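Colleague: Okay, here's the structure, questions in a sec.
The values are calculated or read from the model by the stated rules, or taken from the named source; none is laboratory data. This structure is a prediction, so every number in the text was calculated from the model and none was measured. Here the Cβ positions follow ideal geometry from the backbone for every residue, glycine too, while neighbour counts run over all protein chains shown. To get the accessible areas, we keep the full protein, side chains included, count just its heavy atoms, and leave off ligands, DNA and RNA. Shrake-Rupley method; radii C 1.70, N 1.55, O 1.52, S 1.80 Å.
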Amino acid sequence: MEKNKLDRIYKELLEEKIIKQLATQQELSIRDAMDIYYKSKLSQQINDGSYGIENMDYRYLARDLIENEPELFVR
């Protein structure tokens, strides 16, 4: 399989895990968690491959998003 295709699949699975973690930790619907995630700087960093962030654990990344982008969680 082509490396770019594998990278894309890996990132998609990572995003799915982060969204599920956000939903669980913050007691959100999957839809709300997706909305928050895709509005976040973290989403862009993972998409861009910035700082190798896509290689970090999804639980750490979800916690980091909650701590560093709290404005996204204001309802």
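Colleague: Open to solvent by 60 Å² or more (accessible area, probe 1.4 Å), in a helix (DSSP H, G or I) and not charged (D, E, K, R): is that true of Gln25 in this structure?
Modeller: Answer is yes for this residue.
Colleague: Could you count how many residues in region 58-75 are among the basic types (Lys, Arg) and either closer than 30 Å to Lys3 by Cα or surrounded by 15 or more Cβ atoms within 10 Å (Cβ to Cβ) (or both)? Please lay out each step first, then the result.
Modeller: Taking region 58-75 as the starting set, the residues that turn out to be among the basic types (Lys, Arg) are 59, 63, 75.
Next, from what is left, pick out any that are either closer than 30 Å to Lys3 by Cα or surrounded by 15 or more Cβ atoms within 10 Å (Cβ to Cβ) (or both): 59, 63.
Here the count works out to 2.
Colleague: Give region 46-57 a look and list any residue that's in a helix (DSSP H, G or I) and either open to solvent by 60 Å² or more (accessible area, probe 1.4 Å) or more than 26 Å from Lys5 (Cβ to Cβ) (or both), or say none. Break it down into steps so the answer makes sense when it comes.
Modeller: At the first step, the residues of region 46-57 found to be in a helix (DSSP H, G or I) are 46-48, 50-55.
Hits for region 46-57 are Asn47, Asp48, Tyr51, Asn55.
Colleague: Something else now. Spot the failing condition for Tyr37; the list is (1) of a type in the set (Phe, Trp, Tyr); (2) in contact with a helix residue (DSSP H, G or I) (Cβ under 8 Å, 6 or more places away or on another chain); (3) open to solvent by 100 Å² or more (accessible area, probe 1.4 Å), and only one is missed.
Modeller: (3)
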